[in-house]
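Structure first, then comments.
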Amino acid sequence: MFVPSSWRTRHQRYSLIGEVCPACDKHIFPPRDVCPHCDQPAGPAHKFNGTGMVFSYTTLFQPPAGFESQAPYVVALVQLDEGPMLTAQLTDVEAEEVEIGMKVEMVPRKLMEDGPQGQVHYCYKFRPLWAKAAQAGASV
Amino acid sequence: MGRFVGHGELGASWLLEVSKDTLKRDPGMKKVCIIGTGQTEVGEHWDKSILHLAHEAVTSALLDAHVESVDALFVGNMLSGALSGQENLAAAVADFSGLRNIEAIKTEAACASGAAALRMGYTAVASGLHDRVLVLGVEKMTNTLGHDTTAALGMAADAVYETFQGVSFTALNALMMQRYVWQYDVPDTGLAGFSINAHRNGCHNPHAMFRHAITEEDYSRSRVISSPLCVLDSSPICDGAAAVVLCAAGSSSLSDGSRYVAPVTILGSAAATDTLAVHDRSDPLRLAAVELSTQQALAQAGAGLDNVDFLELHDAFSILGAMSLEAVGYAEPGTGWRYAMDGYIDIEGDLPVSTQGGLKSRGHPVGATGVYQAVEAVKQLQGLAGPNQVPNAALGMIQNIGGSGASVYTHILGI
């Protein structure tokens, strides 16, 4: 990703900032100029609570350029509790443990690096809710 | 299972309703004929540049049409900039192929770039702006290594919210396939029928990349690319070019010595769009732009689903075969895969599909595919399809999908 593009989209990628449409009250992610549900101007910012459900998932064995060293990794369609769906990597979980309907939560993680001298890109990823519980248990 | 549930009615109950305004066809428009076709063999042409591939298809189409010149050139291509470092492609092709000085432009609609060029050519002739035009689809995908080509294909998807997450284009289709298989309880080899049918037909197409049959066992042993999607669910990375010459019905071009006694006519041409990202669709398993463009194209042609003698659908991945049969209106949601298992889509079946191998076996040089479909449909309609001839084929539907459903072009060809 280009550096300015990365900077422009930092709030949505680091903190899941979307919008609520003032006309139809639907939640929107990512933020856009026009509400995709009612075609009215999209509304004020909304921070999503970050929890959702796996709608579908896949394990990539043949990744695109830039992601070679990470393969295999799991990508999912995640339906957020507030409504919108997004595409994101899953983390803190083995591929064979993933299933449709699994509850997940957002965690900001490193996504990729533009080479050894380049920018490090961070983004939302999602992990199973039980991974959070296990982590909390381990730290007690 | 009985006959197709769509029963030839426009707008089966599960489909989107099309605005009546979009179904009209201006009676003042000219009828558009296809008077010549050309195509290269699809494959890994390491010895040919994108311009050499284009030239080969252009030359054979002009020869087939018995004409030496055209008024304009429309080039369908997705990746010439990314994979050959060449933009301004249409001028480059015109220059290289001896068509210098004519109007030439490239159209880009991801994997539907070829059909987009066909529609641009169609509108130019139908409107009376041009009398005779050449439509070319060309793609050169083997200049680069696999990861780079995969990344370039990913540009069809949302750059920030899909591709940047590490999703390949194959992975987007795998996400749809995983959900489809889960939601509709499809067995492990449930989608294999589309690939088996495509390869069976591709065996007899001298221009196909893969001319060998595959079995259900081959399919189940096939390597997984992006679970649950395997190699034999996927169309290949390849090079190719195809071209058609269009002219207005009644044009002097038709009497210029063309051997096309009864030329094929484009009876319907329609395009529609949907959300760019799969995750933004209200139902990721539904191809709304297929639904809309199909109904519009059929209405223009004054035809119903039962009138369609064969369908060249966009089987870039087997899941798209199933979802397309549903969105076109032949199968209810969740049942499209069954039609491939039951012989309905065979050459001898109720609805022959991918009659020359489709994207899976003929190959999918992305921006060229839509024009290959047109070339193959012309051959079917003229009775020149060889061992894959659909008996008495009089009306064919060709459908080209760009992205995972964002740009869809549907054409109805008849004789």
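Just so it is clear, none of the values below were taken in a lab; they were calculated from the coordinates. Note that this is a predicted model, so its numbers are computed, not measured. All Cβ positions, even for glycine, are placed from backbone atoms using ideal geometry, and neighbour counts span all protein chains on display.
Using C-alpha pairs under 8 Å with a sequence gap of at least 6, the mean separation divided by the residue count of chain B gives a relative contact order of 27 percent.
Computed from backbone phi with θ = phi - 60° and the Karplus coefficients 6.51, -1.76 and 1.60, the 3J(HN,Hα) list for the range B:298-303 is 5, 5, 4, 7, x, 10 Hz; x is used for glycine and proline. Electrostatic tally near A:Tyr124: other residues with Cβ closer than 14 Å to its Cβ, Lys and Arg +1, Asp and Glu -1, net +4. Calculated [222 nm] ellipticity per residue, helices only, for chain B: -9500 deg cm²/dmol; basis is -39500 (n - 2.57) per DSSP H run with n ≥ 4, divided by all residues, nearest 500. Packing-based ranking of B:357-367, B:306-316 yields B:357-367, B:306-316, ordered from highest to lowest mean Cβ neighbour count within 10 Å.
The residues packed around B:Asn388, meaning those with a beta-carbon under 14 Å from its beta-carbon, carry a net charge of -1 if Lys and Arg are +1 and Asp and Glu are -1.
Spatially, the range B:83-153 and the range A:1-67 are offset by 33 Å when compared through their Cα centroids.
Do any trypsin sites (Lys or Arg not before Pro) in the range B:49-128 lie in a loop, going by DSSP, with at most 10 other beta-carbon atoms within 10 Å of their beta carbon, and if so which?
Those that pass, being in a loop and sparsely packed, are B:Arg100.
Normalised by the number of residues in the range B:336-388, the mean separation of alpha-carbon contacts (under 8 Å, six or more apart) gives a relative contact order of 22 percent.
Residues in the range A:95-121 near a label at A:Phe61, defined as backbone nitrogen under 18 Å from the 7 Å Cα→Cβ point? Output list for this probe position: A:95-98. By the beta carbon rule, with partners counted only under 4.7 Å, chain A holds these lone Cys residues: A:Cys123.
The lysines within cross-link reach of A:Lys110, meaning a Cα-to-Cα straight distance under 22 Å and a gap of 8 or more places when in the same chain, are A:Lys47, A:Lys125, A:Lys132. The fewest-to-most ranking of A:Asp33, A:Asp92 by surrounding Cβ atoms within 10 Å reads A:Asp33, A:Asp92. Approximating the spin labels as points 7 Å out from Cα along Cα→Cβ, the B:Glu217-to-B:Ser127 distance works out to 5.7 nm.
For B:Lys48, the lysines whose Cα falls under 27 Å of its own Cα, not counting residues fewer than eight places away in the same chain, are B:Lys106, B:Lys140, B:Lys360, B:Lys379. From the Kirkwood radius over Cα pairs of the range B:118-268, Stokes-Einstein at 4 °C and 1.567 mPa s returns a whole-number translational diffusion coefficient of 68 µm²/s. The separation of the range B:24-63 from the range B:198-257, counted between C-alpha centres, amounts to 15 Å. Across the range B:205-212, computed HN-Hα scalar couplings (Karplus, 6.51 cos²θ - 1.76 cosθ + 1.60, θ = phi - 60°) run 9, x, 9, 6, 6, 10, 10, 9 Hz from first to last residue, x flagging Gly and Pro. Neighbouring Cβ atoms from other chains, within 10 Å of the Cβ of residues in A:64-74, number 5 on average.
Amide H to amide H, with H built 1.01 Å from N, B:Asp239 comes under 5 Å of B:Gly43, B:Glu44, B:His45, B:Met141, counting only residues 5 or more places away or on other chains.
Cβ-Cβ distance of B:Asp306 and B:Glu87, R₀ of 56 Å, FRET efficiency by 1/(1 + (r/R0)^6): the value works out to about 0.80.
Annotation: amide H of A:Val107 within the under-5 Å range of A:Lys125, A:Phe126, A:Arg127, sequence separation 5 or more or interchain, hydrogens built in the peptide plane.
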